[in-house]
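Shown next, in structure tokens, is the structure this report addresses.
The values are calculated or read from the model by the stated rules, or taken from the named source; none is laboratory data. Everything numeric in this text was worked out from a predicted model, so none of it was measured. Quick reminder, even Gly has a Cβ in these numbers, built from the backbone with ideal geometry, and neighbours come from all protein chains shown.
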């Protein structure tokens, strides 16, 4: 499989504590900042449509987490949820978004845990926070995810063709409506390089429930505008978790995206972008 980054270029590099992070900024430099955080096993590419739409009125920052997409992948790399939250905090400082004008943060899948950990454990300040089908409540991890994590050393020995078939099936299962073949190719490609094959299993092996257990009891402390979006057909994390999470966060809004699976950005891009744009533009900015 071949891949190109030309359709979604991340033209900047930040040397984080967990390796080189590739990132980019879109939109007017003086506009209100918005940061997008992806989940697993994806990259910032899943946010491309939302990012370009929001960049008309916002300064939008996108980045590939260490060990993902175009960012550094290497043996011995710490790509745990704990490390990703530290890196996110470092990035906010690098971008100058840790001062009086903190960003709105939009986070998907375990990017939700990354954003929540950065805020609750590292003091990262946000104007508002939207989470989309986030990893936030125990128990989590699909049966496939748990199987891969428990036997990462075995699966890492698969021949490249079998590895690619596994990754394609797994990534494809995140969509309810089915991914366009070119999109599926693009999402799978980073995991099929010489560095990407072990990186795929590394990131699963390093993550477990303790990273959400450490913060789940603190969601009641969130005192900023929070939007919870959820695809009603999510088979990775059931929509009931969306209702539960929204109930734990004071004043949180819950918006259900009908007919969308876990990868809402691909299944219902217009509906999701509309909800996020409405949330970003609703009322005064609140900083916590």
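Being modelled with pLDDT of 95 or more and under 18 Å from residue 187 (Cα atoms) is the filter here, so list the residues in the range 1-23 that pass it.
If the condition is that a residue be modelled with pLDDT of 95 or more and under 18 Å from residue 187 (Cα atoms), then 10, 21, 22, 23 are the ones that fit.
Can you name the residue in the range 114-133 that is in a helix (DSSP H, G or I) and in contact with a strand residue (DSSP E or B) (Cβ under 8 Å, 6 or more places away or on another chain) and is also surrounded by the fewest Cβ atoms within 10 Å (Cβ to Cβ) among such residues?
Taking the candidates together, the pick is 119.
State whether one or more residues within the range 184-206 are modelled with pLDDT of 95 or more, closer than 24 Å to residue 122 by Cα, surrounded by fewer than 20 Cβ atoms within 10 Å (Cβ to Cβ) and in contact with a helix residue (DSSP H, G or I) (Cβ under 9 Å, 6 or more places away or on another chain).
no
For the range 1-113, list the strands (runs of 3 or more DSSP E) that sit wholly inside it and hold at least 3 residues that are over 26 Å from residue 193 (Cβ atoms) and in contact (Cβ under 8 Å) with a residue 12 or more places away in the chain; which are they?
Strands (runs of 3 or more DSSP E) meeting the threshold: 32-37, 58-63, 104-108.
Kindly state which helices (runs of 4 or more DSSP H) lie completely within the range 172-288 and contain at least 2 residues that are under 23 Å from residue 43 (Cβ atoms).
181-188, 196-205, 210-216, 264-267, 269-280
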